[in-house]
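S.K.: Have a look at this one.
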Amino acid sequence: MIRILHFADLHLGVETYGRPDPQTGLNTRFLDFLRVLDEVVAFALNSQVDLALFCGDAYKSRDPSQTQQREFAKRLARLSAAGIPTFLLVGNHDLPNAPGRATAVDIFDTLQVANITVANKAATYRIHTAKGPVQIVALPWPRRGVLLSAEETKNLSLEELDRELQRILADILAVCFRELDPALPTVLAAHISLAGAKWGSERPALLGREPLLLQGNLSHPHLDYTAMGHIHRHQIMGPEHSPIVYPGSLERLDFGEAQETKGFCVVELDPGRKAGQRLLKLDFHPVQARRFHSIEVRLSPEDAQPTATLLHTLEQHRQAIEDAVVRVQIHLHPHQSRELDDAEIRRGLRGAYFALPLALEVEHRPRARLSLASAQGRTPLETLQEYLVIKKTPATRAQKLLQYARRLMQPESEDRPAP
């Protein structure tokens, strides 16, 4: 039995919602991402994993800092020293901004680090594990400008360009499939979007059109498992005997991923079985990703103590707030915004890992107006009283306003002291 650990989309370098760590000087969110990577490495070392398969996007940026590269290399060095082969597929975030330049992970190949293979081009690789060889068909992120020449595509529409790129990628995979040895366990590793896959919150941030393949493009009878990267939501597609799997990203990036469980996959293949029937087991292992928690509060217009109401609500969320990235959205009325005590509310968010600035949404109700007919024949005081009823003014406040109105409406002679 060969055990393969499949993970993807690490995105080292994301620092949103972080702060400088007083002990290391590093951003605390950077440390979050390293912590979940440490969970992956620890599992590989302690659970007899035969192959670590990373399906792209090691860093947030194509130009990672020296510190980011150092910390990523530390973790890979632990796998290398333990004799666990690690396969690094190049994702879109790992690519340089011009052809001919090195990818963000090419350094491991250049230094010929033991037990690490970098797949920066589509090809079939044979990886030797402690339990025998595994062949991997690699499809790194396709560079549209490299695959499609300007001369061939200058008169094509965007839809025609997409179809042409899909055809080229399918042809590339077909060539790789013809090279497969049916006697060996076979995995397809791809960093790409697949039609029918469910996107996480990263989808709206993607600009322009991107390569897209159909499930049929990834289908071949010799494949035992298809390991995907690029989409941040964990999901399993394709046939049960040879599934197509996105493990998802290892750490939450924003509130759009608040409800997604983050982790990695562990696959068990039986080399003794026939091609396409070797999958014995597929498990998803969650990691302790940073929690994101949203709190929405709607204040009634009669609430004269909005701060106290908010503090009570925050106390009800106390357990969820603890050590989480928290945002609070408050729906309130214009007269209540002046009553909010921001410092008190901040103290109510104690224990949060990071608290976003309060989001206030002021609800403006349509202005109440008296009809001309209803005002005729009434005294000013009666008109004011009806107006307060229409405005649904709290009884105590209405009584006080009427009291002031009576004083203002008294004849001037009654207000003056006698001579």
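The values are calculated or read from the model by the stated rules, or taken from the named source; none is laboratory data. Nothing here was measured: the structure is a model prediction, and the numbers come from that model. Cβ: placed from backbone, ideal geometry, glycine included. Neighbour counts: every protein chain shown.
S.K.: So which pairs qualify, if the first residue must be in region 380-406 and farther than 15 Å from H335 by Cα, the second must be among the hydrophobic types (A, V, I, L, M, F, W, C) and in a loop (DSSP other than H, G, I, E, B), the Cβ gap must be under 8 Å, and the two must be at least 6 apart or on different chains?
M.R.: T383/L370; E386/L370; Y387/A368; Y387/L370; I390/A368; I390/L370
S.K.: Report yes if L218 is closer than 21 Å to C265 by Cα and at pLDDT below 95, otherwise no.
M.R.: Taking the combined requirement at face value, the residue satisfies it.
S.K.: Could you say whether any residue in region 320-332 is under 21 Å from T393 (Cα atoms) and β-branched (V, I, T)?
M.R.: no
S.K.: From A119, A42, A104, A98, grab the single residue that is small (G, A, S), in the same structural domain as T186 (by TED's automatic domain parsing) and touching a helix residue (DSSP H, G or I) at 6+ places or on another chain (Cβ under 6 Å).
M.R.: Step by step, each of A119, A42, A104, A98 is checked, and only A104 is small (G, A, S), in the same structural domain as T186 (by TED's automatic domain parsing) and touching a helix residue (DSSP H, G or I) at 6+ places or on another chain (Cβ under 6 Å).
S.K.: Kindly evaluate V266 against the criterion of being farther than 23 Å from Q48 by Cα and in contact with a His (Cβ under 8 Å, 6 or more places away or on another chain).
M.R.: Here the answer is no, as V266 does not meet what is asked.
S.K.: In region 387-398, what residues are in a helix (DSSP H, G or I) and loosely packed, with under 15 Cβ neighbours inside 10 Å?
M.R.: Correct list: V389, I390, A395, T396, R397.
S.K.: Continuing with this model, one more query. In region 126-137, how many are of a type outside the set (G, A, S) and surrounded by fewer than 17 Cβ atoms within 10 Å (Cβ to Cβ)?
M.R.: Here the count works out to 4.
S.K.: Let me ask something additional. Pick from L372, L401, L408: which is over 56 Å from the mean Cα position of the chain (by Cα), outside the structural domain of S300 (by TED's automatic domain parsing) and either at pLDDT below 80 or surrounded by 11 or more Cβ atoms within 10 Å (Cβ to Cβ) (or both)?
M.R.: Among L372, L401, L408, only L372 is over 56 Å from the mean Cα position of the chain (by Cα), outside the structural domain of S300 (by TED's automatic domain parsing) and either at pLDDT below 80 or surrounded by 11 or more Cβ atoms within 10 Å (Cβ to Cβ) (or both).
S.K.: Please determine whether any residue of region 341-349 is modelled with pLDDT under 85 and either of a type outside the set (K, R) or within 30 Å of S294 (Cα to Cα) (or both).
M.R.: Looking for residues that are modelled with pLDDT under 85 and either of a type outside the set (K, R) or within 30 Å of S294 (Cα to Cα) (or both), one finds none in region 341-349, hence no.
S.K.: When both residues are 6+ apart or on different chains and their Cβ atoms are under 7 Å apart, which pairs have a first residue that lies in region 77-104 and is free of Cβ contacts under 8 Å to residues at least 12 places away in the same chain, and a second that is not in a helix (DSSP H, G or I)?
M.R.: Between residues of region 77-104 that are free of Cβ contacts under 8 Å to residues at least 12 places away in the same chain and residues that are not in a helix (DSSP H, G or I), the close pairs are A102/P96.
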